[in-house]
Amino acid sequence: MRAWCVVVAKDRGEEVRRVLRDGGHLLPHVSVLREADRLFFPTKARIDIGFPTEEREFAAAFAPVRSYKDVVEVPDRLRRLLPTAFDVIGDIAVLRIPDELDAHVGAIGEALLRWNPRLRVAARDRGVAGERRVRRIEVIAGEPRTTTVHVEFGLRYHVDVAKAYFSPRLGTERIRVASQIREGETVADPFAGVGPYAILIARRRKPSRVVASDANPDAVALLRTNVAVNRADRVEVREGDGHETLRSVAPVGRVILDLPHAAMDFLPDAIDALGPVGTVHLYGILSPLEREHRVMEIRESVARADRRILDLVVHNVRAYSPAQHHVAFDLTVDRG
Ligand SMILES: C[S@@+](CC[C@H](N)C(=O)[O-])C[C@H]1O[C@@H](n2cnc3c(N)ncnc32)[C@H](O)[C@@H]1O
């Protein structure tokens, strides 16, 4: 390929290479030419840094691409801040990008899409906010949309990453809970989101009924679509507050309290909704100490409801932050 280059004596090569690299001028994946005691650094355009320039023919260099980081162009001093992990929801890459990289979000998004051609949208996640756990999303590259279809365990979920909560990281937890459902059970899923628990349970197990509801009308609209496209006929969709749903579904065999930041507020209603024997799956985002404290709070809540604990299994779903885990409490109670 023909490109402009900066011509420099070998003994100043390293110094000039750094200047070109830090300024983002070097043409990536193209080999530097050497002739006698001169080096020819290929550049993206004609660059004047006080050295001669000329046009030359260059060979493409072999550049194994292991990560989008291999193809993204950001100043070297910021490279360590590039996100390593990101969520893939359908064909959308959703990633957290530190503020220091504000000026480079477009380049990062473009690099991601070039690196994985199955991704069509790159979206910056500015954090989950509010009771509805909706992400603040900014599309940074690709098609201007936030909707997609995510496939999990062979089921299709219509998702809008800007309007309703969905995390692809919890699939293993969903299948763990679903595997416990007994034939003929009634399940209440009052924080159903777009339906990944309710629909999985309805399609892969044999419940008699799954009541799935959410307070976010956008989530409920997607939930209705997902129930229809997956033909999950046993799912009964409702819209409304979790308290209302729990107070109107009794008796059920199982309740899924998937609202980690506030699940304890709903535990008394969940226990009251259970039949003579039933299970509540309750989630929390907790440090190890808080996890111990949460066990005590659960015991107290069961005692206040005049029930008896038959089983209480606690397990870490996944790390949430350096000090916290997403924790699941599987609580089975009877009337004592
Ligand atoms: C952590 S998300 C879980 C969604 C879903 N279970 C999943 O696995 O994707 C919590 C959901 O609870 C809903 N929510 C929050 N507060 C609520 C309330 N008081 N009553 C009903 N739903 C609520 C949010 O809209 C959100 O969809």
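The values are calculated or read from the model by the stated rules, or taken from the named source; none is laboratory data. Because the structure is predicted, anything quoted here is derived from the model rather than measured. Using ideal geometry, Cβ is built from the backbone for each residue, glycine included, and neighbour counts are taken over all protein chains shown.
Given the structure, is His281 touching a residue at least 40 places away in the same chain (Cβ under 8 Å) and on the phi < 0 side of the Ramachandran plot?
Judged against the criteria, His281 is a match.
So the check is Cβ under 9 Å with 6+ separation or different chains; which pairs have a first residue in segment 237-259 that's farther than 10 Å from Asp214 by Cβ and without any contact (Cβ under 8 Å) to a residue 40 or more places away in the chain and a second one that's in a strand (DSSP E or B) and near the ligand (Cβ under 9 Å from one of its atoms)?
Taking only residues 6 or more apart or on different chains, the pairs are Glu244/Ser213.
Report whether or not Gly278 is surrounded by 16 or more Cβ atoms within 10 Å (Cβ to Cβ) and within 16 Å of Ala263 (Cα to Cα). Give the steps one after another, and end with the answer.
Numbers: surrounded by 16 or more Cβ atoms within 10 Å (Cβ to Cβ): yes; within 16 Å of Ala263 (Cα to Cα): no.
For Gly278, the condition - surrounded by 16 or more Cβ atoms within 10 Å (Cβ to Cβ) and within 16 Å of Ala263 (Cα to Cα) - is not met.
Sort out which residues of segment 150-182 are touching a Pro at 6+ places or on another chain (Cβ under 8 Å) and charged (D, E, K, R), and write them in order of number.
Glu152, Arg174
Assuming Ala319 fulfils every condition listed in (1) surrounded by 14 or more Cβ atoms within 10 Å (Cβ to Cβ); (2) small (Gly, Ala, Ser); (3) outside any helix (DSSP H, G or I) apart from one, which condition is it?
(1)
Taking the condition closer than 27 Å to Val227 by Cβ and of a type in the set (A, V, I, L, M), does Val159 pass?
On the way: closer than 27 Å to Val227 by Cβ: yes; of a type in the set (A, V, I, L, M): yes.
Criteria met by Val159.
I'm trying to understand the selection: among the residues of segment 210-223, which are under 23 Å from Glu173 (Cα atoms) and either surrounded by fewer than 16 Cβ atoms within 10 Å (Cβ to Cβ) or among the polar types (S, T, N, Q) (or both)? Spell out the reasoning first.
From segment 210-223, those under 23 Å from Glu173 (Cα atoms) are 210-216, 219-220, 222-223; that's our starting set.
Answer for segment 210-223, where residues must be under 23 Å from Glu173 (Cα atoms) and either surrounded by fewer than 16 Cβ atoms within 10 Å (Cβ to Cβ) or among the polar types (S, T, N, Q) (or both): Ser213, Asn216.
Among the residues of segment 21-40, write down those that are touching a Phe, Trp or Tyr at 6+ places or on another chain (Cβ under 9 Å), surrounded by 14 or more Cβ atoms within 10 Å (Cβ to Cβ) and part of a strand (DSSP E or B).
Within segment 21-40, Leu26, Val30, Leu33, Phe40 qualify.
Tell me which residues, restricted to segment 130-148, are of a type in the set (A, V, I, L, M, F, W, C) and within 14 Å of the chain's Cα centre (by Cα).
Passing the criteria: Val134, Ile137.
Determine the pairs where a residue that is among the basic types (Lys, Arg), located within segment 178-193, has a partner that is in a strand (DSSP E or B) with Cβ atoms under 9 Å apart, the partner being 6 or more residues away or on another chain.
Arg182/Gly253; Arg182/Arg254
Quick check on Arg46: is it part of a helix (DSSP H, G or I), surrounded by fewer than 16 Cβ atoms within 10 Å (Cβ to Cβ) and free of Cβ contacts under 8 Å to residues at least 60 places away in the same chain?
Here the answer is no, as Arg46 does not meet what is asked.
So for segment 55-71 (the condition being at pLDDT 90 or above and surrounded by 16 or more Cβ atoms within 10 Å (Cβ to Cβ)), does at least one residue qualify?
Going through segment 55-71, the residues at pLDDT 90 or above turn out to be 55-56.
If we keep only those that are surrounded by 16 or more Cβ atoms within 10 Å (Cβ to Cβ) as well, we get none.
Within segment 55-71 (the criterion being at pLDDT 90 or above and surrounded by 16 or more Cβ atoms within 10 Å (Cβ to Cβ)), the answer is no, since none of the residues qualifies.
Considering only helices (runs of 4 or more DSSP H) fully contained in segment 92-211, which possess at least 2 residues that are under 25 Å from Ile271 (Cα atoms) and within 16 Å of the ligand (Cβ to nearest atom)?
Counting at least 2 such residues, we get 171-178, 196-204.
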